[in-house]
Amino acid sequence: QKLLQRACEILNQTRDYKLVWIGLIEPESKDVLPIAQAGFEEGYLKSIKITWDDSDTGKGPTGTAIKTRKPVIMRNISNDPRYKPWRKEAIERGYNSSVAIPLVYENRVFGALNVYEACPDAFDEEEIDLLVEVAMDIAFALHNIEIEEEKKRTEDFLQNIIDNTSDLVFTIDLEGNFLSINRAVTEQMGY
């Protein structure tokens, strides 16, 4: 949450976008859950539903970017038929163009980075390339967080096994100092 929030804030501060938000996919429901945002949001993300299925709410820029794993640009929100489910809410807040960039790392799609601007056709090729690079960095960070969480779960599982075995399990350094002991050691040796 903190990482994604900070990424939105930095993008918004450095490029002065109208709105930046990151949504992560919910595999079971196929919803896109807004996790972080910065800029002029004014309840937009709570008033809309975005999915990555084949329904109307999955055919917009975010759902399409997630499904195709490619950036999707909305050059003019007011007249693009793909934006119909969200058009009223977007226009009320002054969003006239947007881009959705998938967060992908090694065939895993985490969600999408979404950026909105006040003027139509606001995103040129150079801007898209920059946002793709940012999205790749965010996806890499999310991948690393998942690896760390899995490593911690595995370590906790193994430590639980060691702590609950009746065998004495300990590690010592070269000087004979105990570095770690399990519960059986404390019970039998009083350490």
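The values are calculated or read from the model by the stated rules, or taken from the named source; none is laboratory data. The structure presented is a predicted model; accordingly, all values stated were derived computationally and were not measured. Cβ placement follows ideal geometry from the backbone for every residue including glycine, while neighbour counts extend to all protein chains displayed. For accessibility, only protein heavy atoms count, side chains too; no ligands or nucleic acids. Shrake-Rupley method; radii C 1.70, N 1.55, O 1.52, S 1.80 Å.
A few comments on the model shown:
- Counting residues in the stretch 77-85 that are touching a residue at least 24 places away in the same chain (Cβ under 8 Å) and in contact with a Pro (Cβ under 7 Å, 6 or more places away or on another chain) gives zero.
- Within the set Leu142, Leu179, Leu131, Leu158, the sole residue that is assigned to a strand (DSSP E or B) and of a type in the set (A, V, I, L, M, F, W, C) turns out to be Leu179.
- Any hit, the stretch 161-170, residues being assigned to a helix (DSSP H, G or I), out of contact with any Lys or Arg (no Cβ under 8 Å at 6 or more places or on another chain) and not hydroxyl-bearing (Ser, Thr, Tyr): yes
- Extreme residue, most open to solvent (accessible area, probe 1.4 Å), among residues of the stretch 87-103 that are of a type outside the set (Phe, Trp, Tyr) and in contact with a Leu (Cβ under 9 Å, 6 or more places away or on another chain): Arg93
- The one condition in (1) farther than 28 Å from Asn144 by Cα; (2) charged (D, E, K, R); (3) surrounded by fewer than 20 Cβ atoms within 10 Å (Cβ to Cβ) that Lys18 fails to fulfil: (3)
- Number of residues in the stretch 49-67 that are open to solvent by 40 Å² or more (accessible area, probe 1.4 Å), assigned to a helix (DSSP H, G or I) and over 14 Å from Leu113 (Cα atoms) equals 1.
- Of the criteria (1) surrounded by 17 or more Cβ atoms within 10 Å (Cβ to Cβ); (2) in a strand (DSSP E or B); (3) not aromatic (Phe, Trp, Tyr), which one Leu33 fails: (1)
- Among residues of the stretch 113-139 that are within 14 Å of Ala100 (Cα to Cα) and touching a residue at least 24 places away in the same chain (Cβ under 8 Å), those with a beta-carbon under 6 Å from a residue that is outside any strand (DSSP E or B) and open to solvent by 30 Å² or more (accessible area, probe 1.4 Å) at least six positions away or on a different chain give the pairs Tyr116/Lys18; Glu117/Lys18; Asp121/Arg75; Ile128/Pro71.
- Screening the candidates Arg153, Arg82 for the property of being open to solvent by 60 Å² or more (accessible area, probe 1.4 Å), more than 23 Å from Gln5 (Cα to Cα), touching a Lys or Arg at 6+ places or on another chain (Cβ under 9 Å) and in a helix (DSSP H, G or I) yields one hit, Arg82.
- In the stretch 156-191, the residues that are among the hydrophobic types (A, V, I, L, M, F, W, C), loosely packed, with under 12 Cβ neighbours inside 10 Å and under 37 Å from the mean Cα position of the chain (by Cα): Phe157, Leu158, Ile161
- Residue that is surrounded by the fewest Cβ atoms within 10 Å (Cβ to Cβ), among those in the stretch 104-149 that are over 18 Å from Asn12 (Cβ atoms) and among the β-branched types (Val, Ile, Thr): Ile147
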